[in-house]
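Data block below; observations after.
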2 protein chains.
Amino acid sequence: MSLVPPRTAPTTPYTFEKSRAAFDRALSVIPSGIYGHQGPTEGCYIPQTSFPLFSSRAEGSRFWDLDDNEYIDYMCGYGPNVLGYRDPDVDAAAARQAKLEDVVTIPSAIMVDFAELLVDTVASADWAFFAKNGGDATTLAVMTARAATRRKKIVFINGFYHGVAPWTQKLDYPGVLEEEVANNLYVDFNDLPALERLFSEHRGSIAGLIAQPYMHGNFTDNTLPEAGYWQAVRALCDAHGVVLIVDDVRAGFRLDLAGSDHYFGFKADLICFCKALANGYNVSALCGRESLKDTVSSLSYTGSYWMSAVPFAAGIATLTKLKQLDAPTQFQRLGTELTTGLTSAAAEHGFTLIASGAPALFYLRIADDDSLMLHQEWVAECVRRGVFLTSHHNHFINAALTSADITRTLEIAHEAFGIVRSSHPELELTR
Amino acid sequence: MSLVPPRTAPTTPYTFEKSRAAFDRALSVIPSGIYGHQGPTEGCYIPQTSFPLFSSRAEGSRFWDLDDNEYIDYMCGYGPNVLGYRDPDVDAAAARQAKLEDVVTIPSAIMVDFAELLVDTVASADWAFFAKNGGDATTLAVMTARAATRRKKIVFINGFYHGVAPWTQKLDYPGVLEEEVANNLYVDFNDLPALERLFSEHRGSIAGLIAQPYMHGNFTDNTLPEAGYWQAVRALCDAHGVVLIVDDVRAGFRLDLAGSDHYFGFKADLICFCKALANGYNVSALCGRESLKDTVSSLSYTGSYWMSAVPFAAGIATLTKLKQLDAPTQFQRLGTELTTGLTSAAAEHGFTLIASGAPALFYLRIADDDSLMLHQEWVAECVRRGVFLTSHHNHFINAALTSADITRTLEIAHEAFGIVRSSHPELELTR
């Protein structure tokens, strides 16, 4: 009982027999079967029956699941896919390096090339330190702030995510000790008076403030900084001798190749990169200003794979191509085209769809239902028809996405809104 | 003035002009230039003038530095190189997978294949959880022990190394808070009475005991477990409800493909793998017993690259080939052949060279000089002639190493002992 006729022929919803069979095997040898965001018990919050669990191949803007269902992918591996899956230029650079060496007893000099490129590219980077996880970079940043200031406390912004190390988890999470989070202070984003009070109250004991460049948290509309916010935070940190750490793991290189702090018109002391740094090849980086370089050198911090050469080659190719494409401008354009179209499609069916955050990392919410279940239903109908969105996490745009992909996405989204509308005759239209 | 004539023509020591030039560049854009073990300021403790700083290519048992000097490599990238650099079978499996997908929004089913292989291979593994760093696995193990027992304290063995997370660093290390190590208890290896006292003293508050399968620490002869030690530790952990965590990151798959706990005749509750798991492809794993699986599922623990498919393909190829080769037996034979030869060569020049630990991960020390400087000199002369040893860290054997490599190594080691002897006429001979 669609109120608005679909613009294209109805699609046949996907089924997931092979994914389910593989998941049954997974459950017996892997905790949760699949863990993290991709896990069926948390993260995506797509009803399981509408959820592919395993992929089989990927290329450009798309991946195919184990049942060979095809998806236009708006999650991009939760960030790493920034140029398109299996980008030929990045893969060729990685393959060339792999024919020489990867993990060796002493590092390849390509590590220096990559550090020089980052220092040339990122406005707040006087140096780069490489690791593997985004959390390796945020942990090093916090340790550096503490070592440099000989203070203990770290200010977090409510709604934060900085990885899974105990220091950045919550007190009530399993396996986390109260001692490990005892020096954490919390304040709301965009609330300068509260930050001023916190800084005054703990004068001389705050080592660092760690924050994403804007609030791209889960289960809530994403929030951009108010005019002057970051400049005021920068001034407060300077006045109190607090190290300002920007966690650009998620947004990095999608807003501005010079760093998301540069995008918002301020300069971090330390900035953490990971996901988009090498188009899926495994590397993260902490960059920062000259005055903190010796402190980083003084720490005991290394790992088995941290100087592997192939990800450095991939990272150089990725940043080079992102510059050639002026990718952040492209992401802004594609993300705006998509979210504008999705919002219009929702309105045609009497729904209010809110798109928030930067268009390159758009967050979606159907505002007509506070329980968010309506939103989950709509996402599920999209996923079952080949558009991989997620329910309560920001999405990601990649450079392989085309306007044709967006057109097809809008057709499927339109059909999905119609289906949700039909199955909820009790809902009032918002127009 | 060599007292024993060299058995081969003298070699010309290497020089490192290109490495030094690259290091000068590195110093300006990377903290320390090179960090960790590979760094010139710590780790290897080879006099810098005898130290290549950057590699250019690697194959089999060898790598070449930036000045094209060739090395027989006994460090194996500090462990990951277990089959030989650029092993053709592993690289082919990785390349096949890379043509399909690597990091995608949902995992590849090859993750399940790898977990099943580990469960089949590792005696104490009922399940596997994959991450990136060895430290990701040790951190997850400690969090799991705390969550499962609802206790706080962790017992460490003096001389431990479990990665660089704050919880496993020392109180006096920069960037580490007293709160983060406040629940750590310490005991000596092989000291059962002390462990019994510690367990009694802290009855009901110890969550876990984390230990390497034997003490392969730095700056000291490596120590194997005394007969019955591990069986007694296992019984004590059972009696006190303490989770027994084996950190097999360094020794794993070099002593026994079923796990180093299996090698020493006991069964861990949790066992951590990394280095040798995929011949340099970037993956680590926590394995463990069924009773802890749900606890692992309950933790908030994931990362951007943790389900990347290429390292899983490489890991499957690596474990399969290690089994085909019966690699641990080969490592034992090659390591024994090498260390026996080195000890004899030392004796010919009047030095006492002590080889300790498992032959597959041999640790060397010239015992005639408590300052260890004589040992550093000898290592430096070996490195400058194409045998890459290190000074105060265990070494690693890989499956590409040949008896011809060992013969050449012994020739160079012999020459190096002669040079050190000549430059120290003041030293008394030990025979």
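Bear in mind these aren't lab numbers, they're just calculated from the coordinates by the rules spelled out. This is a predicted model, so every value here is computed, not measured. Using ideal geometry, Cβ is built from the backbone for each residue, glycine included, and neighbour counts are taken over all protein chains shown.
When a footprinting reagent is the concern and you count Cβ atoms within 10 Å, what order do A:150, B:333 take, fewest first?
If I rank by nearby Cβ atoms, fewest first, I get A:150, B:333.
List the lysines whose alpha-carbon lies under 25 Å from that of residue A:153, not counting same-chain residues fewer than 8 positions away?
A:170, A:267, A:293, B:152, B:153, B:170
Can you give the FRET efficiency to the nearest 0.05 for residue A:178 and residue B:239, using r as the Cβ-Cβ distance and R₀ = 30 Å?
0.60
Can you tally the net charge around residue A:229? Count Lys and Arg as +1, Asp and Glu as -1, for every other residue whose Cβ sits under 13 Å from the Cβ of residue A:229.
Values: positive: A:234; negative: A:188, A:191, A:196, A:226, A:261.
Here the count lands on -4.
Near residue A:242, within a Cβ-to-Cβ distance under 11 Å, what is the net charge of the other residues, with Lys and Arg +1 and Asp and Glu -1?
Numbers: positive: A:151, A:153, A:203, A:234; negative: A:238, A:269.
Local charge sum for residue A:242: +2.
With θ set to phi - 60°, apply the Karplus curve 6.51 cos²θ - 1.76 cosθ + 1.60 along region A:252-266 and write out the HN-Hα couplings as whole Hz, x wherever there is a Gly or Pro.
Computed from phi, the couplings for region A:252-266 are x, 6, 9, 8, 6, 5, 8, x, 6, 5, 4, 4, 9, x, 9 Hz.
Could you work out how far the C-alpha centroid of region B:224-276 sits from that of region A:231-247, in angstrom?
Region B:224-276 and region A:231-247 have Cα centres spaced 47 Å from each other.
Of A:165, A:211, A:317, which has the largest mean-square fluctuation in a 10 Å C-alpha GNM of chain A?
Among A:165, A:211, A:317, the largest GNM mean-square fluctuation belongs to A:165.
With a bin width of 10 angstrom, please list the P(r) values of region A:213-360 as percents of all Cα-Cα pairs, from the 0 bin to the one holding the largest distance.
The calculated distribution, bin by bin, is 10, 31, 33, 19, 5, 1.
Along Cα→Cβ at 7 Å, what distances in nm separate the residue A:172 label point from those on the other copies, shortest first?
4.1
Can you give me the three principal axis dimensions of region A:136-229 from its C-alpha atoms, in Å, biggest first?
34, 31, 23
Give me log10 I(q)/I(0) at q = 0.10 Å⁻¹ for chain B, Debye formula, one equal scatterer per alpha-carbon, no solvent.
-0.74
When only alpha-carbon atoms are used, what values of Rg and Dmax, in angstrom, describe region B:288-417?
Reported Rg and Dmax, both Å: 19.8, 60.
Under a cut-off of 27 Å between alpha-carbon atoms, report the lysines in cross-link reach of residue B:99, not counting same-chain residues fewer than 8 places apart.
Output for residue B:99: A:18, A:99, A:132, A:275, A:321, A:323, B:132, B:275, B:321, B:323.
Springs between alpha-carbon atoms under 10 Å, Gaussian network over chain A: tell me which of A:107, A:328, A:174 tops the mean-square fluctuations.
A:174
What gaps in nm, shortest first, separate residue A:324 from its twins in the other copies when you place the label 7 Å past Cα toward the beta carbon?
The projected label point of residue A:324 is separated from its counterparts by 3.8 nm.
Report the full-extension gain for the segment residue B:96 to residue B:200: residue separation times 0.36 nm, less the Cα-Cα distance, to one decimal in nm.
32.0 nm
Let me confirm one metric for peptide B:67-80, namely the mean number of other chain beta-carbon atoms within 10 Å of its residues' beta-carbons.
Numbers: counts 0, 0, 0, 0, 3, 0, 3, 1, 3, 3, 11, 8, 3, 7.
Whole-number average of other-chain Cβ neighbours for B:67-80 is 3.
When B:320, B:8, B:390 are ordered from fewest to most other Cβ atoms inside 10 Å of their Cβ, what list results?
Numbers: B:320 15, B:8 11, B:390 24.
With the fewest neighbours first, B:320, B:8, B:390 line up as B:8, B:320, B:390.
Looking only at Cα atoms, what is the convex hull volume of the protein assembly as shown per residue, in Å³?
Residue-normalised Cα hull volume stands at 154 Å³.
Would you mind ranking A:74, A:281 by Cβ crowding within 10 Å, fewest neighbours first?
Values: A:74 24, A:281 27.
The most exposed by this proxy come first: A:74, A:281.
Taking the simple approach of a point 7 Å from Cα along Cα-to-Cβ for both residue A:258 and residue B:158, what is their distance in nm?
Result: 5.5 nm between the two label points.
Compute log10 of I(q)/I(0) for region A:88-325 with the Debye formula, placing one identical point scatterer on every Cα and leaving out solvent, at q = 0.09 Å⁻¹, to two decimals.
Summing over Cα pairs of region A:88-325 leads to -0.37.
With r as the distance between the Cβ atoms of residue B:126 and residue B:227 and R0 = 35 Å, compute the FRET efficiency 1/(1 + (r/R0)^6) and round to 0.05.
Numbers: r = 28 Å, r/R0 = 0.80.
The computed FRET efficiency comes out at 0.80.
Could you go through region A:392-398 in sequence order and give the Karplus-derived ³J(HN,Hα) for each residue, using 6.51 cos²θ - 1.76 cosθ + 1.60 with θ = phi - 60°, rounded to whole Hz, and x for Gly and Pro?
After applying 6.51 cos²θ - 1.76 cosθ + 1.60, I find 9, 9, 5, 9, 9, 9, 10 Hz.
So what's region A:143-189 giving for Cα Rg divided by 2.2 N^0.38 Å, two decimals?
Numbers: Rg = 10.9 Å, N = 47, 2.2 N^0.38 = 9.5 Å.
Ratio of Rg to 2.2 N^0.38 Å for region A:143-189: 1.15.
Shortest first, in nm, what separates the label point of residue A:422 from those of the same position in the other copies (7 Å along Cα→Cβ)?
9.1
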